[in-house]
Every structure is written in C-alpha cells, then in structure tokens.
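Read the figures in this text as sums done on the coordinates, not as results from a lab. No experiment lies behind these values; they were computed from the predicted model shown. Glycine gets a Cβ as well: all are built from the backbone with ideal geometry, and neighbour counts include every protein chain shown.
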Amino acid sequence: MKSLKYFLLILGIAGIFISCQKELAFDLSGPSTGTLKSDDLGNCLPASVKGIYTVDSVLGSNNFIEITLNTGTPGTYNIKSDTINGYSFSGSGKINTIGLSTIKLQSSGIPLAAGTDIFTITYNNNTCKIPVNAVVYQSYFPLTQNSWWSYDVNIPAFPGDSLRVESNDNISINGKEYRIFQNGPNETVEDSAYYFKAGPEYYHRFDASDYTLSVSFDESVDTVMMFLSEALNPGTSWASEFDGKINTQPSKIRYTYTLVEANGNLDVNGVIFNNVHKVKLKTEAKIGNGQYVEDSNFEFFYAAGIGLIRAKGWLVANPNFVLQQDIRHYKVF
C-alpha cells in the first residue's frame, strides 16, 4: 500500500507541474517589454555585424546586424536604427520567451561614403549603439559610365584589338536597373549584356543557353545569376538550374561557378596584372529523362580596378579548340 500511495503522490505532483507549465503560455498580441543588452558605455552587446557594406552598392539579405534583447514581457517588437550615411537597420516580429534572445535587424539602403558609422538601435525607450564599417572596393567588374575595354580574339574574322566593349547606359527590366555593356559601334558583332552589382556580388542577365556551346533551349529562357563576388573564399562554388525544352523534350541546363583563385597575378599580352580573381564556369545539360552531361567549360579572369582581362571557353567534347579573348586596351572611369 505504501508503494501505491507514493506512486499516487508522484502522479499528483507531476499533474501540478504540468498544469503550471500550461499556465506559462503567453499572450503575444500586446507589445513586449524589456531592454537591449549593452555595456556601461551604451554599446550593444554583442556587436554582431554580418556582411560587407560596400559604398555605392545596394545592401542585400547578407547585410544585417544581431542584437541581444532581454525580455521581461513577451509580445510584439519593433526595433530600428537611425539612418546614417544612406542606410539603416530594422526588424519586427513576436518574441515568446522571457530572458535573453538574439534579434536580427535587416539592412536597407546604399552606403554613400567609406568610414565607420555608429548606429543607435532603439527598442521602446531603450537604446544602444553599434558600429558598422562601410568600405570602398576596387571593383573587379567596373560598371562605371563610359568605361571601355578592347580585346584580342583568337578567331580569324577578328583582327587584333578588334573587340571593343563599352559601358554606356542603364536599362530598367522588371523594375531592376541594369548597366548595359555593348560592343562598340564599329564591331562586326552587335550585342548587349546586362549587369548589376549588389554589395560585393555581380549579377548578369542572360539567356540560359548562352554558355552551352553544343546544345540550347528551343526558346529563349531569360535568367539572372551571380557570376562574381568580392567576398568569397577560393574554392567556393555556387550553382543554378534552368528549365526549358531541347528538341521539344523537357530539359534542364545547369551552371556551376567556382572561385578558383583570389588576388593572383596574370600576364596578358606582356602586361602583369595583379589582384586577379579566377572564376571557372561549368555548364551541363539534361535532355528529357537522361542524366546531366557536361557541355562546356569557361575560365574568366578579373583584375581589381580593371575588369575582365581574359576569357576562355571550350567544349568538353573538343577541349583542344579553345575560344579566347585577351585584353589589349582599356579605360575605366
């Protein structure tokens, strides 16, 4: 009987405990209360800044700060910074715990000048400060007005120094501003390419079949993909997959970029270029229910403050025939 009595006592205590736990459910419809964690000088603790803040570049999803909130009453929160140097931070949502929590504040805007910007973070009537460094990079792919580059191309129809590319205008597509790169007016090939930069990342709008040398979709498939970044480590790869039809069959084309080398050196036409990023592109195609088959390989070389200085491309099935363009002259503004 004693054992049964103790067992019932334990069950009773457990029931009380569970009932207490149920009562801890919070009403999150009202505003939360609490304080921002900071030191005696009013600095946010910890000062966690994510991403690279590049002057004249739109801040993206990788640009944010994290602050610590000590919550007294759970509920909604709306935390924001002041606007300094063209950009700011903010975050809102609900918090359902008491005590310390990490809150993400997303950035918005464009840093206007290099330097250390001291932001004041405000939560209710509580504040703390956090420093963010805005930096100027020597662009590896300048998008400045009137800049131009000329290249030697190893195609008989192109004499030396005959391919000229000019950065001469902007265009808005689906609400997004792109810089137009166009072959010079005296070239034998008229073509335009569209680019934009977001933070340290460069993006290209193109047809998904542009870099598959042996196959192509039956119809044009416009896409946008990052082709270069100033904030990645060598060995980093990124990929995208595109859908279309090849010979009327549902098919896919896949692009895989890899940053092979960062800040290396390269001799092009007898000139040594420093701070060169080497990027490899592998393209693959999958037709119908088949497997992916590697189609083409490309290598691109970008010099800081200059742009593309060499490009090479070849079919995997015929690696001995390499298309190549090497920079001859340039003017970057």
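Taking residue 129 as the anchor, which lysines have their alpha carbon closer than 21 Å to its alpha carbon, excluding any fewer than eight residues away along the same chain?
37, 50, 80, 104
Dipole of the stretch 148-331, Cα-centred, from +1 at each Lys and Arg C-beta and -1 at each Asp and Glu C-beta, to the nearest 20 debye?
I would put it at about 340 debye.
Tell me the mean residue ellipticity at 222 nm calculated for the chain from its helices only (DSSP H runs of n ≥ 4, each -39500 (n - 2.57), averaged over every residue, nearest 500).
After summing the helix terms and dividing by the residues of the chain, the value is -2000 deg cm²/dmol.
Just to confirm a number: summing +1 for Lys and Arg and -1 for Asp and Glu over residues other than residue 43 whose beta-carbon lies under 15 angstrom from that of residue 43, what do you get?
Spelling it out: positives minus negatives among the neighbours equals -2.
Does a label point 7 Å from the Cα of residue 96, set along Cα-to-beta-carbon, have any residues of the stretch 48-85 with amide nitrogen under 15 Å, and which are they?
Correct set: 74-77.
Using only C-alpha positions, report the orientation-averaged shadow area of the convex hull of the stretch 30-135, nm², one decimal.
6.1
Aspartates and glutamates near residue 245 by alpha-carbon distance under 20 Å, same-chain residues fewer than 8 away left out - which ones?
207, 210, 218, 219, 222, 284, 294, 295
Calculate, for residue 245 and residue 106, the FRET efficiency according to 1/(1 + (r/R0)^6) with r their C-beta to C-beta distance and R0 41 Å; round to the nearest 0.05. List each step's numbers first, then the result.
Working: r = 38 Å, r/R0 = 0.94.
Working from the Cβ atoms, E equals 0.60.
Using label points projected 7 Å from each Cα along Cα→Cβ, tell me how many nm separate residue 66 and residue 269, to one decimal.
If labels sit at residue 66 and residue 269, their model points lie 4.8 nm apart.
If only Cα atoms are counted, what is the Rg of the chain, and what is its Dmax, in Å?
27.8, 104
Sort out for me the Cα centre separation of the stretch 125-177 from the stretch 200-258, rounded to whole Å.
Cα centroid to Cα centroid, the span is 19 Å.
Once you place label points 7 Å from the Cα toward the Cβ at residue 133 and residue 83, how far apart are they in nm?
So the label points at residue 133 and residue 83 sit 2.7 nm apart.
Can you flag which of 94/176; 197/312; 197/286 are past 28 Å Cα-Cα?
94/176; 197/286
Give me the extension gain from residue 125 to residue 224: residue separation times 0.36 nm, minus the current Cα-Cα distance, reported in nm with one decimal.
Numbers: separation 99, 0.36 × 99 = 35.64 nm, distance 4.31 nm.
Net length gain for the segment: 31.3 nm.
Between residue 155 and residue 256, what's the calculated FRET efficiency when r is the beta-carbon distance and R0 is 25 Å? Round to 0.05.
So, using R0 = 25 Å, E works out to roughly 0.45.
Can you give the angle from 0 to 90° between the axis of helix 2-22 and the longest principal axis of the chain, with both taken from C-alpha atoms, to the nearest 10?
60
Express the Stokes-Einstein translational diffusion coefficient of the stretch 217-270 in µm² s⁻¹, to the nearest whole number, given a Kirkwood radius over alpha-carbon pairs, 20 °C and a viscosity of 1.002 mPa s.
D = 154 µm²/s.
Would you mind working out the magnitude of the charge dipole of the chain relative to its Cα centre, with +1 at each Lys and Arg C-beta and -1 at each Asp and Glu C-beta, to the nearest 20 Debye? It would help to have the intermediate numbers written out before the result.
On the way: 25 positive and 32 negative charges, 301 e Å.
Charge dipole, the chain, about its Cα centre: 1440 debye, nearest 20.
Answer rounded, prolate or oblate for the stretch 148-331, using the Cα gyration tensor with square roots of eigenvalues a ≥ b ≥ c: rounded when a/c is under 1.5, else prolate when a/b is larger than b/c, else oblate. It would help to have the intermediate numbers written out before the result.
Values: a/c = 1.39, a/b = 1.37, b/c = 1.02.
Note, shape of the stretch 148-331 comes out rounded.
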